[in-house]
Structures are given as C-alpha cells and as structure tokens.
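As structure tokens, the structure follows; a few thoughts come after it.
Rule-based calculations on the coordinates, nothing more; no lab input. Since the model is a prediction, treat every value here as computed from it, not as a measurement. We place every Cβ from the backbone using ideal geometry, glycine too, and count neighbours over all the protein chains shown.
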Amino acid sequence: MFAALHNPGNAEAEPALLALAQELTPLFEHTLPNTVVLDMEGFERLLGPPATMAAALDARARERALMLHIAVAANPDAAVQASLRFPGVTVVPAGEEARWLGPLEIERLPLTPEMLETLDRWGIRTFAEFAALPVLGIATRFGQDGVYLQKLARGEQPRPLVPWRPEFVFARRDELEHAIELLEPLLFVLGRQLSEICAELNSHGLATHEIHVTLGLDGGAEDKRTLRLPVPVAASAPLLKLVQLELEAHRPPAAILAIALEAIPVAPRRLQTGLFVPQAPEPAKLELTLRRIAKLVGEENVGTPSIPDTHRPGAFRMERAQRFETSAASPPQRLALALRVFRPPLRADVQSAEGMPVAVRAPGVRGKVVRRAGPWRTSGDWWRSDAWHRDEWDLGLSDGALYRVYWDERERAWFVEGRYD
Amino acid sequence: MAAALAHPASLLALHQTARTISATGVSGFDAVAGGLPEGAITEVFGAPSSGRTSLGLGLLASATQQGKVCAWIDIDDRFSPAAAEESGTRLNNVVWVRCRGNAGHGFKAADLLLHGGGFGLIVMDLCDVPRRVLQAVPLSYWYRFRRAVESTPTSFLVLSAEPQARSTATLLVETRRAGARFAGKPRFELLRSMDVELTARKPVRAGNGSLVCSAA
C-alpha cells in the first residue's frame, strides 16, 4: 500500500512536506516537486484500513498547516496520479485503479512528443482510452516503452520506491581562540577535521575528489583553496599530505583564526585489475609524488606532454598526469632519430659561402660544417604576431655532432635549434 | 661454511637475485643483452650525436606501448615531445619532469619517483649535465637508487656522456655513431638516418648490436 501526498500550494512549503514524510516513515520517494510517495506497508496495524489511514495522514498534515491532496493506492504511480488529480483524501481500492484513473488526460503520462502526436492522431485523449487499446498493437507500434505506459494508465505498474535521502554535507569549521601562525598546529587541526570527514564518507560508502579549504585570516580576509584529485579518495592521510604540500607551496598571507574544510562526495573508485595488466602508479600516491616534485621544480614543469594541433616547430603543452593507457599495443617498427632541443634556441654566428653555411659558432657549439642538408623552408601562423618563417639546415660539424640550424627570416638571424642524438 | 670463509666472494652471490629481462622490440638493443633488465639500473652512454637519446626514446616507446607508465627526468630540458611521438611513444603514459638545468632537483625527482613505485621505466637524462656537476654527485646516491629499484619491476635507465652509475649499473651500453646517411642530389640533400653501434661494457660477455635511427 502506498500513500501519495501532493501539496498544490507554493513550492516554499516543500521542506515542510519532506519533514512530514520523514516523520511518518524513513522509506519515501520524492517523486515530483511538491509530491512524495510513502510506503505504508505494515501501517494497517497502526492506523487501520486505507480510508482511516488516509484520514490520519490528512490530520497530521493539517497539524502542520499543510492542505494536501492525499491518495492511497496499491502501487506508487496510481497513488501519485490520483493525488495530482483529485483534491482532498482519495482511496483507490485495489483492482479498481483503471476505473479511477480512466478520466485523466493522456498528457499526464510521461509520453514522448512523437507518441503524444500519434495518440492524438488516433483520437486517444484519456487514460481509459489508452488502456483499452490492445497490448500487442501497442507493443508493435511503441515497443516496451508503450507497454510500460499503458500499464501506468491502467494503474497496474508495480515498482519499488527510490528512497529519498537528504543531501549530506561533509564539512567542518573551527573558530580558533588564538591565531595560528605556524604550519604544524594548523595541520593538527586540519588532520582532525579530515579524519572526521573521511570517517563520515566511509560510513556512507563515499569518497571525495575535491576538497575546499577556507582559512579565515587575521584582519577579516579569507584564503580559499581548492584541491582536486585525479581519483576519489576516502583516506585522510593522503588528503592531509596534499593539503600540507599546497600550504607549503602557497603560504597563507596572515595568521589564521578560522579553518573550514569541505569535501565533495562522489562514488568511490572501483577497479578490476587483471593478472597480466602492467602495473601503474597508485593514483593517490602518484598525485603526492608529483606534488612533491612540483614543489621542487615548479608546477608548470611536471606533467604529461601533449602536442597541440599546429605545425609550429617545438610546440607542446604540459598537462596534468592522470589518465594512463594500460592496454598493450604492438611495439614501434622503427627507431626515430631524436632531436635534443635547446630551449630557447641558441643564437648563432654562421659563416656562409654561396648561400650555404660553412661554419657555426654558438654558446657550446663551434665547428666547421663538414656535411650539410637543406634548406628546408617552413612557415606558418602568418596571421599572428608570433608567426614563424625559417630555413632549416641539418649540419654535421667538425666537433663530430649533427645539429639542426635555421635562419629565422623574421628575426634575420641564425639559431641552433638542437642536436641530433 | 668453511668454504664460504675461504672464498668470501661466494657470500655475495647469495644476495644476487635473478632479474627479469623484458624484450623491448628494439632489435639492436635486445641483441646486446636480451632486453631491458627490470629492478636494475641500465646506463647508456656515448658522445654527442651517438644515438643515446634515440635509443632512450625507442625504449620509452616500447615500454609505453606495452601499457607501462614511464617517467622522463629531463635535467637540461632537452626532451622533445614531437620526437617522442615520432618514435611511437604514447605521450599520455609519460610523466615529464623538466629540471631546467638543476641536476640536484633531477636526482631528488628520481628518488621520489623510484620510491613512489608503479612505473615501468624511469629515464634520467644526464647527457648535457656538465662533468664537474656529475663528479660532485656522491656514489651513495646511486646505491640508494639501486636499493630503491631492485625489489620493483621498474627499469631505471640513465643516459649520459660518460658512465655515472659505475658499479651500481647492471647493464652498461656504449653508443657510437657509425655514420649518417644523406639522400638527394648535391646541394639539395636531406638527412635520412644515422647508424649507431652498440657495445655492452657490462656485463662484458654481452654481445654487440647496431641500430638505424631514421629521420622523419
């Protein structure tokens, strides 16, 4: 037995409706705005038959100054439709759902626009008319969705409720009696807050992939930080270490008077690993390692390289390392000749004869040209201020090494781009 | 026991573990030692333009294509993502650490990555680090690296101009450029490829090999 409570008034009364539903039973569904469905299984012993039960619910609602439409039926959807259509208290007897729902307009069903248009062409206007159509014909024309909707129209569609759960907030805030100026006592408070939050997350079977740290500073200002993780984590130790590394890298500008922490809950990571899949770094541990390295060399100098969609020589992007491909593929068929790139390119003094370089001198590079290949002219991005236009040469110098040297037409200068190795 | 006391070197053999050597698919390199030893330090050294980086990128490409996650510690910012992709590397399986000439940061990053675990291949590029800087690196660093890597399936590859890891390296390979091939008519030539000879310096009984590094 299910009872649908619909508040036809304004939406501001919805918290009161939810509070009433929570007071009556922990198992209820927030089906629509201003509408809840209660599982009344077992309430007969407490409240009596359905009519008495509905009257008791109405009385409880009136105590809270809620004027509700209340409908009791054998399945949730029949109860909802009845509560939406009929004011006051309605009891739909078991087996008579089709008769009660029959007069309702067909638009009340969750039909697609195409189905609605088709039914409109057939002259179907009410639940009863739709319910009277042959099931086989509905299945042929609309598939399983049509059969499901017809069962709804007949009030015959049983289903379990999707229980409503309050939105959990995993947050802590501490106001301090004395301002904190050192990292260690700050971490002590943060560690406790994180431990409590992680315990709560674990108790709900959740994890977090984002943490918001808000530090109330001496003087009234606030220092807000957001830490994002590549995978959800529900252990406090790696989270505390991440917060520590963040605070060490970017110190708060003033003493701290308040500490607030909020974790955004997400479903935990579930991974099925194979026996023969190559190992990969554990994500939370890798994140910590990369943060530690970033602290040494700078955040912009650690990550995964990628090549943007351009022909510009040497163009690359540094991205956050987070998604690895562990599937195996066939090994490369040939070994490519690698260029060791000088960043920035070395400005060079090049002697030429008959338009060809014969000697090169640059910081760390000096020699006569013993073998040359080129020029290979490239240009691009002519519509931008940083366009390039250059003639590339591959030069073997008397120092025994092979270099890529180019004449930059825009700079009117020679540069050594790199050394082949 | 008496025999062991008479020959103390035999005790050392007790601590030597059998290493897994994984074939890399780089035929010339596999001919030298059968592949890349896991849980060990491998060093590739040679003069500039001798093919060290091409070989390193070939091994990186092979490891990433096997689905391994790799790291490239780039002391002097010489790594070219375009060259790595040209060699067949899955760039999204590579963690690139740019040290901008600070060798100290590079050694610390290597230590963190080795202890972090989970990497299939970690490459440390020391090719352009000045000799005086490398001479100041204590040998204990290399022992620490060997200790960190030996119980893992990670291969630690060092690219350098001269041998640095000394006794801690399990495999030591020297590269030498045998020649460069140019194609085309005089005055309109293009660099096509470079021939590289590989010689195993440790273990001495390992073979030799050769590579052809092709330009794009």
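The chymotrypsin sites (Phe, Trp or Tyr not before Pro) of region B:140-192 that meet both conditions, a loop assignment by DSSP and at most 11 other Cβ atoms within 10 Å of the site Cβ, are B:Phe188. Compared with the direct C-alpha span, the chain from A:Leu27 to A:Ala359 gains 111.0 nm at full extension, assuming 0.36 nm per residue.
Bridgeable lysines around A:Lys224 (alpha carbons under 19 Å apart, same-chain partners fewer than 8 residues away excluded): A:Lys241. Within the listed set B:Ala84, B:Ala178, B:Ala169, the Gaussian network model of chain B (springs between alpha-carbon atoms below 10 Å) gives the highest mean-square fluctuation for B:Ala178. Under conditions of 10 °C and 1.306 mPa s, region A:93-218 yields 80 µm² s⁻¹ as its translational diffusion coefficient, taking Rh as the Kirkwood radius over Cα pairs in the Stokes-Einstein equation. Spatially, region A:318-380 and region A:82-144 are offset by 73 Å when compared through their Cα centroids.
Per residue of B:125-133, other chain Cβ atoms within 10 Å of the residue Cβ number 1 on average. Across the protein assembly as shown, Cα-Cα pairs more than 48 Å apart make up 43 percent of the total. Annotation: lysines with alpha-carbon distance below 24 angstrom to A:Lys151 (same-chain offsets under eight excluded): none found. Peptide B:58-66 has a mean of 4 when you count, residue by residue, the C-beta atoms of other protein chains within 10 Å of its C-beta. For the pair A:Leu136 and A:Ala267, a Förster radius of 45 Å applied to the C-beta separation gives a FRET efficiency near 0.65, rounded to the nearest 0.05. Based on Cα contacts under 8 Å between residues 6+ apart, chain B shows a relative contact order of 26 percent.
Applying the criteria of a DSSP loop state and at most 10 other Cβ atoms within 10 Å to the GluC sites (Glu not before Pro) of region A:306-383 yields A:Glu354. Counting only lysines at least 8 places from B:Lys185 when in the same chain, those with an alpha carbon closer than 29 Å to its own are A:Lys368.
Quick one: of the DSSP bridges fully inside region A:4-137, what percent are antiparallel, nearest 5? Once the DSSP bridges in region A:4-137 are tallied, antiparallel ones form about 75 percent. Each Cα pair under 8 Å and six or more residues apart adds its separation to the average, and for region A:254-411 the resulting relative contact order is 11 percent. Measuring between their Cα centroids, region A:1-62 and region B:108-167 lie 69 Å from each other.
Note on B:Arg192 and A:Trp376: the model spin-label points, each 7 Å out from Cα along the C-beta direction, lie 1.4 nm apart. 3J(HN,Hα) along region A:182-197: 10, 5, 4, x, 5, 5, 4, 5, 4, x, 5, 4, 5, 4, 5, 5 Hz, from the Karplus curve 6.51 cos²θ - 1.76 cosθ + 1.60 with θ = phi - 60°, whole Hz, x for Gly and Pro. Pairs spanning more than 21 Å between alpha-carbon atoms, out of B:Lys108/B:Lys202; A:Lys295/B:Lys68; A:Lys285/B:Lys68; A:Lys295/B:Lys108: B:Lys108/B:Lys202; A:Lys295/B:Lys68. Among the chymotrypsin sites (Phe, Trp or Tyr not before Pro) in region A:348-421, those located in a DSSP loop and surrounded by at most 11 other Cβ atoms within 10 Å of their own Cβ are A:Trp382, A:Trp383. The mean count of C-beta atoms from other chains within 10 Å of the C-beta of residues in A:339-345, rounded to a whole number, is 6. Using label points projected 7 Å from each Cα along Cα→Cβ, tell me how many nm separate B:Ser210 and A:Glu300, to one decimal. Distance between the two pseudo-spin positions: 4.6 nm.
Geometric descriptor of chain B, per residue, is 134 Å³ (volume of the convex hull of the Cα atoms).
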